[in-house]
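Asker: What follows is a structure written as structure tokens; I'll ask about it next.
The values are calculated or read from the model by the stated rules, or taken from the named source; none is laboratory data. The model shown is predicted, which means the values in this text are computed figures rather than measured ones. With ideal geometry, Cβ positions are generated from the backbone for all residues, glycine too; neighbour counts draw on all protein chains shown. Side chains are part of the model used for accessible areas, which takes the heavy atoms of the whole protein and leaves out ligands, DNA and RNA. Shrake-Rupley method; radii C 1.70, N 1.55, O 1.52, S 1.80 Å.
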Protein chains: 2
Amino acid sequence: MGATGAVGQQMKEQLEKRDFPVGTIKFLASSRSAGQEIEFKGKTYRVEEATPESFEGVDIALFSAGGSISEQFAPEAVKRGAVVIDNTSAFRMNEDVPLVVPEVNPEDIGKHNGIIANPNCSTIQMVCALQPLKDQFGLGKIVVSTYQAVSGAGVGAINELKEQAAADFDHAKDAEAKMLPVKSAERHYPIAFNAIPQIDKFTDNGYTFEEMKMINETKKIMHDEKLAVAATCVRLPVVTGHSESVYVELEAAPTVEEVKQAIANAPGVELMDDPSNQVYPMPLMAAGLDEVFVGRIRQDLDNPRGFHMWVVSDNLVKGAALNSVQIAESMIQQNII
Amino acid sequence: MGATGAVGQQMKEQLEKRDFPVGTIKFLASSRSAGQEIEFKGKTYRVEEATPESFEGVDIALFSAGGSISEQFAPEAVKRGAVVIDNTSAFRMNEDVPLVVPEVNPEDIGKHNGIIANPNCSTIQMVCALQPLKDQFGLGKIVVSTYQAVSGAGVGAINELKEQAAADFDHAKDAEAKMLPVKSAERHYPIAFNAIPQIDKFTDNGYTFEEMKMINETKKIMHDEKLAVAATCVRLPVVTGHSESVYVELEAAPTVEEVKQAIANAPGVELMDDPSNQVYPMPLMAAGLDEVFVGRIRQDLDNPRGFHMWVVSDNLVKGAALNSVQIAESMIQQNII
């Protein structure tokens, strides 16, 4: 559902690449995109307009077409026996909906009531890096500042960055802007050669919804309501690939080598940390790849339990499409479907 | 000294704009730039090649031509009776050299022994925002993640960003790179559509020199060797204007309104914080302006003594040229010269 969008396309590619055991597949979208053609494993499919009946006979429905579409169609799919893996924020914080990153809490998948939610992109990559530290050293406080790509705001935002970056460099501040920080917001700002400290709209407490997602989703995924998480989310002129400067206080006081080893051994995570050779992750190089890359791991100079790290991943891949497909794979492995 | 560089030009403009009481002025540079012409207050000056004798009869010498030039010529200037205000990192951590931000520690100017150091750009804007909080609430721990512009790496880096941004958007990762993260480093990475978590070279402890500058300079300027400061410094595809995501733990637990009021009343700092109208500082809009802008002020959700803020300023203006000229002004006000 949402087959023609940026994430939908990535989902299709992940299903192909990972050789997911597909019996039959259908590609659904709104009436606007219906009729387009999609190639899947050498066969051409016509995108169908979604109706409640589209979900008859479906085992797993991957949704990535926006929150309101999920709210409308996910219950219809569930009613017809499908398990919905939803990439929107519509159901993430519902108590009866598991919020899953397979490297972190695969055991939650079995508790589903028809819907399994895929977390926010910036949350996914952070919890992948935090989970091995939680397992081995225990987590105290987390303070994260994000460096997020425009692809998280859709294809329109990518095009806007492209146009602004190619236009008059010396007047970047006067560039036309319609998409960011939020398409439906009152005010828009250019993103080329800029950094916008707003992703999603503001909540009443002065935090943005994006920041509150990182805070609340992390607690839910890690099963720790008391986990202290603070986030500042910032949009950058980067096409794809979110970066995060993460400060974490652990319960134990390991050496920096022990922290690096824990990261290196974690599933889905790749240690990329060799300052003497200028090796560290960067979004431009992480785009298109599956892994969560972690580098710049340093012990805090004032607190032996404090560590800093730099976490980078493709927000459309592990941050969205790959994680959804991995949830589906885990359902099969756990005989949940 | 260094009159033709980006900061040198800004210094000249600040001296004009602020009507600094100039008797005579000379513009010095290396032999490479000597002979160029500079307009100052309606008069044309020819840039002279610096020699030790250039500083005969000079009261105040503003240096901004790189650390090795300062090491070579600053002692010669001091020997001839000039007070050197040095914008490089050459002398900043010397015990007998005051490191000054006039809004924070003007009293240190009088302790000079011929040289007064101008702090690193990213340090200056942060301490301007922290000082009112220190005065009213006391400072505990500080964790900062920076979002730094390429102009801090010189005109060559600006041109490289410009070329990369205008070139093939889809192959940004293969763009030619020679300037960043550090011109003299082994490896170079494209900055357009990227974020590079390295500014300056690495020290042995895994932190970069830029990060250690922020840590050590902040302690020195604020007269608190025990102040816990942690920094992660990241270069962005922004031309001018550094941004900083700052988490600060205070000794007191004020309300967020009290913190905002303290920032609003601080000299050189402008509160720009109205989330309901999407008002917050951004580097593209701060470029060319004198102020340190602070927004996104929020209380930590887990710690009533913890606050988050977003601090933006022009790294060439308050981060360099303006601060140097303000030091000179403060010398006059304090009758130190």
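Asker: Across the Cα atoms of segment B:163-316, what radius of gyration and what greatest pairwise Cα-Cα distance (Dmax) are found, in Å?
Answerer: Reported Rg and Dmax, both Å: 17.9, 52.
Asker: Among the trypsin sites (Lys or Arg not before Pro) in segment A:169-225, which ones are in a DSSP loop with at most 13 other Cβ atoms within 10 Å of the Cβ? Mind listing them?
Answerer: Here the sparse-neighbourhood loop sites are A:LYS178, A:LYS183, A:ARG187.
Asker: State whether chain B is rounded, prolate or oblate according to the following rule on the C-alpha gyration tensor (a ≥ b ≥ c being the square roots of its eigenvalues): a/c under 1.5 gives rounded; otherwise a/b larger than b/c gives prolate, and the remaining case gives oblate.
Answerer: It is oblate, given that a/c is not under 1.5 and a/b is not larger than b/c.
Asker: Quick one: of the DSSP bridges fully inside the protein assembly as shown, what percent are antiparallel, nearest 5?
Answerer: On the way: 55 of 93 bridges.
Once the DSSP bridges in the protein assembly as shown are tallied, antiparallel ones form about 60 percent.
Asker: Given a 1.4 Å probe, show me the residues in segment A:278-312 buried by at least 40 Å² of accessible surface when comparing the whole protein assembly to the chain alone.
Answerer: The answer is A:GLN278, A:TYR280, A:MET282, A:LEU284, A:MET285, A:ARG296, A:ARG298, A:LEU301, A:ASP302, A:HIS308, A:TRP310 - residues whose exposure falls by at least 40 Å² when every protein chain is included.
Asker: So what are the ³J(HN,Hα) numbers for segment A:132-149, from phi and the Karplus equation (6.51, -1.76, 1.60; θ = phi - 60°), rounded to whole Hz, Gly and Pro as x?
Answerer: These are the phi-based 3J(HN,Hα) values: x, 6, 4, 4, 9, 10, x, 9, x, 8, 10, 10, 10, 10, 9, 10, 9, 7 Hz.
Asker: Past 32 Å, Cα to Cα: identify those pairs from A:LYS41/B:LYS162; A:LYS141/B:LYS219; A:LYS201/B:LYS12; A:LYS141/B:LYS220, in the order given.
Answerer: Where the Cα-Cα span goes over 32 Å, the pairs concerned are A:LYS41/B:LYS162; A:LYS201/B:LYS12.
Asker: Determine the distance separating the Cα centre of segment A:243-281 from the Cα centre of segment B:273-292; give it in Å without decimals.
Answerer: 34 Å
Asker: Can you list the copy-to-copy distances for A:ASN265, using a point 7 angstrom from Cα toward Cβ, in nanometres, shortest first?
Answerer: 5.4
Asker: Probe of 1.4 angstrom, ligands and nucleic acids ignored: what's the accessible area per residue over chain A, in square angstrom?
Answerer: I get 38 Å² per residue for this part.
Asker: Moving on to the next point. With each pseudo-label sitting 7 Å past Cα toward Cβ, what's the B:ALA34-B:ASN205 distance in nm, one decimal?
Answerer: 4.2 nm
Asker: What residues in segment A:253-275 lose 40 Å² or more of accessible surface when the other protein chains are added to their chain alone (1.4 Å probe)?
Answerer: Hits at the 40 Å² cut-off: A:PRO275.
Asker: If you don't mind, another one. Keeping all protein chains in position, work out how much accessible area A:LEU301 exposes to a 1.4 Å probe, and write it in Å² to the nearest 10.
Answerer: Rounded to the nearest 10, that gives 80 Å².
Asker: Further, regarding this structure: Report, to the nearest whole %, how much of the accessible area of segment B:12-164 belongs to carbon and sulfur atoms, 1.4 Å probe, protein only.
Answerer: Solvent-exposed carbon and sulfur of segment B:12-164 make up 45 percent of the total.
Asker: Rounded to the nearest percent, how much of the accessible area of segment A:209-249 (1.4 Å probe, protein heavy atoms only) is carbon and sulfur?
Answerer: Carbon and sulfur atoms account for 55 percent of the accessible area of segment A:209-249.
Asker: Separate question: Determine the calculated [θ] at 222 nm for the protein assembly as shown from helices alone, applying -39500 (n - 2.57) to every DSSP H run no shorter than 4 residues and normalising by the residue count; nearest 500 deg cm²/dmol.
Answerer: When only DSSP H runs of four or more count, the value is -8500 deg cm²/dmol.
Asker: Mind running the shape call on segment B:18-166? Use the C-alpha gyration tensor, a ≥ b ≥ c as the square roots of the eigenvalues: rounded below 1.5 for a/c, prolate if a/b tops b/c, oblate otherwise.
Answerer: Verdict is oblate for segment B:18-166.
Asker: Moving on. Can you pull the mean other chain C-beta count within 10 Å for peptide B:226-234?
Answerer: 5
Asker: Nearest-5 percent of antiparallel DSSP beta bridges in chain B?
Answerer: Of all bridge pairs located within chain B, approximately 60 percent are antiparallel.
Asker: In peptide B:198-206, what is the residue-averaged number of other protein chain Cβ atoms found within 10 Å of each Cβ?
Answerer: For peptide B:198-206, the averaged partner shielding equals 4.
Asker: Oh, and also: Calculated FRET efficiency, B:LYS43 and B:GLU71, Cβ-Cβ r, R0 25 Å, to nearest 0.05?
Answerer: Values: r = 32 Å, r/R0 = 1.26.
Calculated transfer efficiency: 0.20.
Asker: Determine the order of B:LYS12, A:LYS226 by accessible area, beginning with the largest, at a probe radius of 1.4 Å.
Answerer: Result, largest first: A:LYS226, B:LYS12.
Asker: Note the distances from B:LYS43 to each other copy's matching label point, with points 7 Å along the Cα-to-beta-carbon direction, in nm, sorted shortest first.
Answerer: Distances between equivalent label points, in nm: 8.5.
Asker: Along the Cα→Cβ direction, 7 angstrom out, place labels at A:GLU186 and A:GLU13. What is the inter-label distance in nm?
Answerer: Calculated label separation equals 3.9 nm.
Asker: For the ranges A:29-40, A:143-154, A:268-279, what's the packing order if you count other beta-carbon atoms within 10 Å of each residue, average per peptide, and put the highest first?
Answerer: A:143-154, A:268-279, A:29-40
Asker: State, to one decimal in nm and shortest first, how far the label point of A:GLY156 sits from each corresponding label point in the other identical copies (label point: 7 angstrom along Cα-to-Cβ).
Answerer: From this label point to the equivalent ones elsewhere in the assembly: 4.3 nm.
Asker: At a probe radius of 1.4 Å, figure out the B/A buried accessible area, summed over both chains, and give it in Å² to the nearest 100.
Answerer: What B and A bury together is about 5600 Å².
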